[in-house]
Every structure is written in C-alpha cells, then in structure tokens.
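Novice: Take a look at this one; I'll ask things after.
Derivation of every value follows stated rules applied to the coordinates shown; laboratory data play no part. Note that the structure is a prediction, hence the values are computed from the model and not measured. As a convention, Cβ positions derive from the backbone with ideal geometry for all residues, glycine included, and neighbour counts pool all protein chains shown.
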Amino acid sequence: MMMRGTTGRSRGHLAARGGAVLAAVLMAGMIPGAQASAGGDREVQSELTYGCDFPSGSKPVTVRVSATVPEKATVDQPVQLRNVRTELTLDGEALADLPDAGAAGSRAKTQLTVDVAQGDRTAVTTWAGTAENPVAVPESEELTFSSAGEVPTVTAGASGDLTFTAAKLTASITPPASDGASAEPPAVQLTCTPAPDQDLSLVSVPVGAGPRWSSPEPSGSREGKAPAGGVARNGGVKPEVGDAAEPTLQDGKAPRCVGDAEDQLSLNAYVTGYANVAKLKSATLFPVACTQIHQGATSIKFQDGHLHVFQESTAMLDYQGQPKLPPATGTFLTFGFMPTTATMEMTQIPPAAGPDGKPLPNIHSDLTILSPGNSVGTTTIDMQLQLRLYDVKVNGVPLDVGPNCRTAKPFALPLRGEMLLKDGVQTGYTLVTGGALAGKVTIPPFSGCGVGEDLDDLFTASISGVPGDVKQIQAAPCAAAQHDPNVCTEDGQPVRVPKPQR
C-alpha cells in the first residue's frame, strides 16, 4: 500500500466514524476530529503596490494576496497554504494598454515569486494562479483580475517562525480569440517589481518540534530529519519547497476506485509512492493505486498511565478487481553499468481468514490520549506481496524472462505512520486523513525466470537480499456510504489524488 504528511485541521467528518464515534462520545475534544479544527487555520490578506512594465511604460498596480494558513506547523511536516488568491487592480491609465476584449472578456494568469525564510535560511517558491472567469476591459475607471491556484508546500527542517515574503510578480493578460481565428491573440506580458518602502510580508507560521520520530525513512530523505524527540539534527537546513497541493479532482491518471456505499465502516483511498532497490541504488515510482479499507473493532484501554484507543482494520489493494498495484515500469543499472528496463507487477497476498471467515486485520492503530486536545498516534500496516517481472529489456534488447519470473515467495511490506495532535492542531498520518508512511522491504530470491536459460540468479544477484526503503503517500479517503462531496465523487470514488514524495 503506497502512501504525504498533512498539516492543519483534521477532517472531522471522517474521523468521527467507526471506533472514533465511541471515543468522541467519551472524550470530546481529546481525539483527532472531535475538536481539532477549532482555530486550526486562519485567513490572511496583504495589499501591496507594484510597478508593472506596460507597453507604454511603467505604471502602478495594486496587488492583493490572500490565503488560508495553518495556525501552527511541525518540523519536517509540509506546510500547505490553501485558497491562495492574487488580485491585480489596474487603473484607467493602465487599461489603455490592454486590447478591447468586448463582452467576451480577457483572461489573466499570474506568477508571484515568494521568498521563504526561517532565520537566515531561505528558499524561493512560486505561487501561480489563473483567473477563473474572463473580465471585460472597461474604457476607464479600474479593473481587477483575480487569479487562484494550488501552491507548493514548504517543509521546515527546524523549529522557528517560517515567513513568506512577496517578491517579483509576472502576469499575462490575454484577450479572447476573434471568431474564426486559428490562433490565440497575443497577450500583454507584465513584469512587476514591488514599490520601495513597504512591508512585503505575507504571513508567518510558527513551527514547533513534532512527535517522537521512529519511522524508517528512505535513504534519499534530506538531511535535517528530526530524530527522537522531534529536534532537527541539522538546524542549518533551509526550508524545502515541495509540489503544489494534491489535485482535488480526478484527471484521468487515477484508476477506478469505487467504495462500498452500503458499508458504514468502508473507506477507499488513492495511494502512491517510491520504493528504493538498495542494490541498484535507484527508486521505482509506483503509479496511483486504489486501496479498499474496512475499519474494524475498536477497544479503549488504560495502560502506561494513559488512555489508549486501539483499532484493527483491513486494507486490500484493488486494481481492476484484483488485489494488486497497477503495473509499474522501472529503469535501472544492473551490476552498476547495464541499463535494464522491466515492468513490475505487485500482487497482494490476502490476509488469512479469521474464525468468522473475514480477513484478519493488517492495520493496527494506537491513539494515546495525553490531555484534552493533545494526543499521539501510531498506525502500522503489514502487507504480504509478491513481485513479478516481465517485458524486460537489457540495453534496449528484449530479454525473454517468461510469464512466471517472480519472487520465490511472498515478502512483507511493513509501513508505519505517526500522528501528533498538539493544542487541537493535527499533523502526520491517520487512516481517516491520510498522510505519509515509511518502511523497509527485503526482496526474496527470484524463481521461474527465463525461457531456454535460467535467469533466476541474474535477478536475485541484482535485486534481492538488501533491505530497500519505501515511502508511500495516502490521500484523504472517501467514505462512500456518507456521500460527502468534499471527499467523494458522485459515484463513490476518492476526490483526492496524492502526489509521490521521496
């Protein structure tokens, strides 16, 4: 199961399901989802003045930037600003440089460069936006273009305030194409610099230490990862700019993933991630896949001086009705010099059946209540998989490995995710919000490889034996029985599609 750390408010409409319902009744406000959203986000807005280079010369433009920002963040957890909007207001003099768009209106795109800093450590990110609707250009007065878009995450490697400051701005204003025109008309390109003597600060987000870090991390992880106790090993790590927020609508890249609309304990989620093959010193990207999750029994116990909420659940891969991941193609250097390409098929071995005939749980969650609004959680996922290779090419030449070139036996993929709820703000992984999980996997020897010649030793020597790191991202799941349009499509598929992270 391939699974991004989330920062900000927990999704209470999902967390109140299953076993969490009982816990929320007993201890409202102490469990993620009960009151974790209170004060989790805030709205910010800045009004700035820029000088923009219009065709007839530089002219002042008013720029307003607004966003929804988490109140707090955690070391090594991505900070995601949402609902980011950039508004450009042009006065009558500037409008004279824009072509007459008539009633059809002009469209605008913007790119705002933002400096990110934590102390003396800095990085640069870009907030791109597109106008949602065309705007007619008036002959006088003023005109406002409003653009919006998802922006990249930023991850801090140490504690301290993470500040975002506006810098250069570019904009493209395009009139509509005339009837019968085969090409888009030329756009007015604006390059804008902030006017002097103004505060360009957009927002500051306080970053604190996270939970006890014990999850294995891929060897390619950046330095500065927080060790036990949540304190970064390297306070000099600059903020790390990630990808834009996960898409909120399916774009054809995700396979079909329909949940059980009759089962109140059913979740279905998209997952993706990387697996490192240690011997080959390379990582394989697994495509977005579907996982069907059945939330199981919940128990509440007092131990080690704290109240624990335990839940046992079951996850099964689902690709075209089969318990497997979509095929993935990887290219690597066999023995360090020979380029080899192969398609990999990963099939899950279903968990054994319990006394009731249902699959035994392979997801184990432990939520430890520390105090009202404060808790820590650990989720472990244990899956048994078998790997098959086919469509193999060595240095571009097909190598016939036959239809049964696979690991001689199934192997375990243990994954672990951790959650922190601090003062009502949740970060990290839970089953009902998604996030990042990490683990290590050891590939067994291969068997059945080759037609006319035995190639088992070739693949065993190249791939098997040395533990490889796995980092997987699960997006927010859909509870199809709840018909929530924020997380489910009309036919019960997840709205959220994750992006892989190394």
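Novice: Between Gln198 and Thr144, what is the label-to-label distance in nm when each label sits 7 Å out along the Cα-to-Cβ direction?
Specialist: Calculated label separation equals 1.5 nm.
Novice: On a full-extension model of 0.36 nm per residue, what is the gain between Arg42 and Ala352, subtracting their alpha-carbon distance, rounded to one decimal in nm?
Specialist: Taking 0.36 nm per residue and subtracting the Cα distance, the gain is 106.9 nm.
Novice: What is the distance in Å between the Cα centres of segment 453-487 and segment 385-403?
Specialist: Their Cα centres are 19 Å away from one another.
Novice: Length gain on complete extension for the stretch Leu285 to Asp400, per 0.36 nm per residue less the alpha carbon to alpha carbon distance?
Specialist: Using 0.36 nm per residue and subtracting the Cα-Cα distance, I get 39.1 nm.
Novice: Enumerate the lysines that Lys499 could reach by cross-link, defined here as Cα to Cα under 16 Å, with residues fewer than 8 away along the same chain left out.
Specialist: Correct list for Lys499: Lys253, Lys471.
Novice: Under a cut-off of 20 Å between alpha-carbon atoms, report the lysines in cross-link reach of Lys238, not counting same-chain residues fewer than 8 places apart.
Specialist: Within the straight-line limit of under 20 Å, Lys238 reaches these lysines: Lys72, Lys225.
Novice: Now a separate question. Grab the Cα-Cα distance for Thr380 and Ala96, subtract it from 0.36 nm times how many residues apart they are, and report the gain in nm with one decimal.
Specialist: Result: 96.0 nm gained on full extension.
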